[in-house]
Amino acid sequence: LPGFAVEWAYRDGSSEQRKATGDLIVIAFYFLLCIGEYTTKTRRKRTCTRKFRGRDVTLFKANKVGYLTALAHDATEEDIMNADAATLCISNQKSGVKGSCVHHEAIPGETLACPVRAIGRRIIHQRKHSKSGRAFLCTFWDSAGMANVTDKMISYAVKFAASMLSYDLRGIPLDRVDTHSLRAGGACALALAGYSDTQIQKMGQWRGATFKEY
């Protein structure tokens with residue numbers, strides 16, 4: 001589903017909103033994010049959760065012996081899009097501990113449906129319009145100005161992708177597929193790939209064993 005969503009988002013003539021939405025779906029799936037950590041709410045509601053910003057991202061490049069070195073904030077676009085790993089530093093997210101980080105390496109040979117490449121595209125787009133790094137990862141700019149990807153935009157894109165992939169014919173009711181499916185699906189994908197419960201709990205910043213319900 002994340003792969004289909006981002007490929008659809010980057011088809012010819014697509015809008016900046018759709019591109020941002022596709023990138024965020026990939027990022028949320030691999031980094032096991034809650035919806036409030038990477039989108040703004042359609043309706044205003046007070047929350048302690050802070051959205052990830054550009055300044056919360058660190059990209060890395062591996063040297064000749066394999067050690068990761070952080071890229072400079074003014075790294076070239078080529079260096080950003082060839083980064084080997086990315087880290088999101090938690091400032092005040094719902095499930096995490098302030099100061100801890102969530103890390104992912106790039107998927108070899110994957111250009112669109114790779115979390116490191118998706119973050120790189122968001123950073124490059126952001127740098128063209130804002131130099132402070134304070135803008136949210138969900139912020140995008142188009143001919144109408146600045147806007148943010150909302151929870152409803154992600155929900156629509158996820159349900160649309162599930163419909164196009166005929167999830168209902170696979171025994172998965174479309175009304176059960178929504179934004180939280182990315183976090184739950186990411187955890188299940190890790191389990192199927194052989195990751196331990198402890199590793200999954202750490203990556204998803206779960207304080208208890210609720211993730212096992214997935």
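Observations on the structure shown:
Condition check ((1) aliphatic (A, V, I, L, M); (2) modelled with pLDDT of 95 or more) across all residues:
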position	(1), (2)
LYS19	no, yes
ALA28	yes, yes
LYS41	no, no
ASP79	no, yes
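- Test: residue in region 102-112 that is modelled with pLDDT under 95, open to solvent by 20 Å² or more (accessible area, probe 1.4 Å), among the polar types (S, T, N, Q) and in a helix (DSSP H, G or I): no
- The condition (being outside any loop (DSSP other than H, G, I, E, B), over 30 Å from ARG207 (Cα atoms) and either at pLDDT below 95 or hydrophobic (A, V, I, L, M, F, W, C) (or both)) is satisfied by just one residue among ILE124, ILE119: ILE124.
- Failed item in (1) surrounded by fewer than 18 Cβ atoms within 10 Å (Cβ to Cβ); (2) closer than 25 Å to GLY204 by Cα; (3) touching a strand residue (DSSP E or B) at 6+ places or on another chain (Cβ under 7 Å), with ARG53 passing the rest: (1)
- Failed item, numbered, when LYS61 is tested on (1) open to solvent by 70 Å² or more (accessible area, probe 1.4 Å); (2) assigned to a helix (DSSP H, G or I); (3) of a type in the set (D, E, K, R): (2)
- Which listed residue is among the small types (Gly, Ala, Ser) and touching a Pro at 6+ places or on another chain (Cβ under 8 Å), from ALA86, ALA70: ALA86
- Consider region 123-159 and keep the residues that are touching a residue at least 60 places away in the same chain (Cβ under 8 Å), of a type outside the set (Gly, Ala, Ser) and touching a Phe, Trp or Tyr at 6+ places or on another chain (Cβ under 9 Å). The one that is farthest from THR58 (Cα to Cα) is ILE154.
- Filter result (outside any helix (DSSP H, G or I) and in contact (Cβ under 8 Å) with a residue 24 or more places away in the chain) within region 196-212: GLY204, GLN205, TRP206, ARG207
- Note on region 155-195: residues that are assigned to a loop (DSSP other than H, G, I, E, B) and surrounded by 12 or more Cβ atoms within 10 Å (Cβ to Cβ) amount to 6.
- Taken over region 23-37, the criterion of being open to solvent by 10 Å² or more (accessible area, probe 1.4 Å) and either in contact with a His (Cβ under 9 Å, 6 or more places away or on another chain) or farther than 15 Å from VAL102 by Cα (or both) is satisfied by TYR30, CYS34, ILE35, GLY36.
The values are calculated or read from the model by the stated rules, or taken from the named source; none is laboratory data. Since this is a predicted model, take the numbers as computed values, not measurements. For neighbour counting, all protein chains shown are included, and Cβ atoms are generated from backbone atoms with ideal geometry for every residue, glycine included. For the accessible areas, the whole protein counts, side chains as well, though only heavy atoms, and no ligand, DNA or RNA atoms are used. Shrake-Rupley method; radii C 1.70, N 1.55, O 1.52, S 1.80 Å.
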